[in-house]
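S.K.: A single structure is presented below for examination.
The values are calculated or read from the model by the stated rules, or taken from the named source; none is laboratory data. These numbers were taken from a predicted model, which means no experiment stands behind them. Neighbour counts run over all protein chains shown; Cβ positions are idealised from the backbone, glycine included.
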Amino acid sequence: MRIAEGIEMLELKWGSMTFCPTVFFDKEQWLLVDTGMPGSAPAILELVKRAGIGQQHLSTILLTHNDIDHIGGLPTFIAKYPRLVVYTHEKDKAIINGNQPMVKVPLERLAGLLGALPEQARSEFESTFIKPKSENVKRTLADGETLPFAGGITVIHTPGHTPGHVCLYHVPSKTLIAGDAMVIENGELRGPIEALTPDMRTAIQSLKKFKKYDIETVICYHGGQLRGNVNRRIAALTDRN
């Protein structure tokens with residue numbers, strides 16, 4: 001779905017669920033925000049191709065945080081694009097680099113996910129996260145910095161769901177990429193999923209950081225996009241807590 005000039009929201013199916021990674025693009029390159037579950041990379045590449053973006057060069061992946069449904073597809077992208085630059089926040093870097101276990105994924109579930117993958121995809125996952133040969137994250141993101149992509153993407157550190165969770169504000173289109181800081185359910189904007197958010201109090205407090213941004217559109221990884229009175233809707237979430 002085309003959100004604005006240079007922004008495409010993907011609708012990535014995985015079983016009964018739909019994830020919504022975001023693509024920023026211009027005539028020369030495209031950037032991917034979050035990578036889906038293990039084995040999702042081929043489906044993402046097909047969606048990008050259908051959107052008419054695939055002929056450009058994938059230069060960068062921005063990871064909002066270290067949950068498996070956001071980083072699971074990363075190994076295939078790293079294998080396919082050796083010069084790829086991966087960004088995330090310092091506080092989530094250790095898990096993405098394979099130096100710490102994925103705290104929200106029980107070992108039995110991880111084994112089941114990997115067992116369902118083709119051999120090559122399973123090998124890529126293991127060499128990236130379980131027995132890493134090098135660091136996957138090439139650059140860390142800092143709160144308040146503006147990345148020189150797509151006319152400017154501002155990083156907003158929003159801890160709570162994970163310690164290093166970040167949201168991304170696209171300056172030209174006034175679009176907020178919310179990651180898992182918020183979700184959309186039945187057309188309504190809600191806070192993060194409590195069962196998957198270890199520090200719910202901090203997560204809600206983090207939403208107050210959006211007050212300084214004029215937001216016309218919000219993209220939630222779970223739920224898709226929402227327009228209209230976005231700042232007021234976010235304020236209502238923080239006022240309840």
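S.K.: Would you check which residues across the range 157-168 are part of a strand (DSSP E or B), touching a helix residue (DSSP H, G or I) at 6+ places or on another chain (Cβ under 9 Å) and either buried (at least 22 other Cβ atoms within 10 Å of the Cβ) or charged (D, E, K, R) (or both) and list them?
M.R.: Of everything in the range 157-168, those that are part of a strand (DSSP E or B), touching a helix residue (DSSP H, G or I) at 6+ places or on another chain (Cβ under 9 Å) and either buried (at least 22 other Cβ atoms within 10 Å of the Cβ) or charged (D, E, K, R) (or both) turn out to be 166, 167.
S.K.: Something else about it: Take the range 169-186 and flag every residue that is part of a strand (DSSP E or B), aliphatic (A, V, I, L, M) and surrounded by fewer than 22 Cβ atoms within 10 Å (Cβ to Cβ). Step through it out loud before you land on a result.
M.R.: Initially, the range 169-186 is screened for residues part of a strand (DSSP E or B), giving 169-170, 175-179, 183-185.
Filter once more, so that each one left must be aliphatic (A, V, I, L, M): 176-178, 183-184.
Result: 183, 184.
S.K.: Taking the stated definitions as given, is residue 61 under 20 Å from residue 123 (Cα atoms), under 15 Å from the mean Cα position of the chain (by Cα), buried (at least 20 other Cβ atoms within 10 Å of the Cβ) and at pLDDT 95 or above? Don't jump to the end; show me each part of the working.
M.R.: Numbers: under 20 Å from residue 123 (Cα atoms): no; under 15 Å from the mean Cα position of the chain (by Cα): yes; buried (at least 20 other Cβ atoms within 10 Å of the Cβ): yes; at pLDDT 95 or above: yes.
For residue 61, the condition - under 20 Å from residue 123 (Cα atoms), under 15 Å from the mean Cα position of the chain (by Cα), buried (at least 20 other Cβ atoms within 10 Å of the Cβ) and at pLDDT 95 or above - is not met.
S.K.: Restricting the first residue to the range 121-149 and requiring it to be touching a residue at least 24 places away in the same chain (Cβ under 8 Å), which pairs with a second residue that is among the charged types (D, E, K, R) meet a Cβ separation below 7 Å and a spacing of at least six or different chains?
M.R.: Note: pairs meeting the criteria are 127/133; 137/93; 140/90; 140/93.
S.K.: Still on this structure: What number goes with the only condition from (1) loosely packed, with under 15 Cβ neighbours inside 10 Å; (2) under 17 Å from residue 97 (Cα atoms); (3) over 17 Å from the mean Cα position of the chain (by Cα) that residue 138 does not pass?
M.R.: (3)
S.K.: In addition: Exactly one condition in (1) free of Cβ contacts under 8 Å to residues at least 60 places away in the same chain; (2) closer than 20 Å to residue 220 by Cα; (3) of a type outside the set (Gly, Ala, Ser); (4) part of a strand (DSSP E or B) is false for residue 31; which is it?
M.R.: (1)
S.K.: Those residues that are of a type outside the set (Phe, Trp, Tyr) and either more than 22 Å from residue 85 (Cβ to Cβ) or surrounded by fewer than 20 Cβ atoms within 10 Å (Cβ to Cβ) (or both), I need them from the range 13-36; list them, please.
M.R.: Just the residues of the range 13-36 that are of a type outside the set (Phe, Trp, Tyr), to begin with: 13, 15-18, 20-23, 26-29, 31-36.
Within the range 13-36, 13, 15, 16, 17, 18, 20, 26, 27, 28, 29 meet the criteria.
S.K.: Do we find a residue being of a type in the set (D, E, K, R), touching a Pro at 6+ places or on another chain (Cβ under 7 Å) and at pLDDT 95 or above anywhere in the range 172-187?
M.R.: Step one: filter the range 172-187 for residues of a type in the set (D, E, K, R), giving 174, 180, 185.
Now restrict to residues that are touching a Pro at 6+ places or on another chain (Cβ under 7 Å): 180.
Then keep just the ones that are at pLDDT 95 or above; that gives 180.
Yes: the range 172-187 contains one or more residues that are of a type in the set (D, E, K, R), touching a Pro at 6+ places or on another chain (Cβ under 7 Å) and at pLDDT 95 or above.
S.K.: Checking residue 87 against (1) closer than 27 Å to residue 18 by Cβ; (2) touching a residue at least 40 places away in the same chain (Cβ under 8 Å); (3) in a helix (DSSP H, G or I), only one condition comes out false. Which one?
M.R.: Result: residue 87 passes all but (3).
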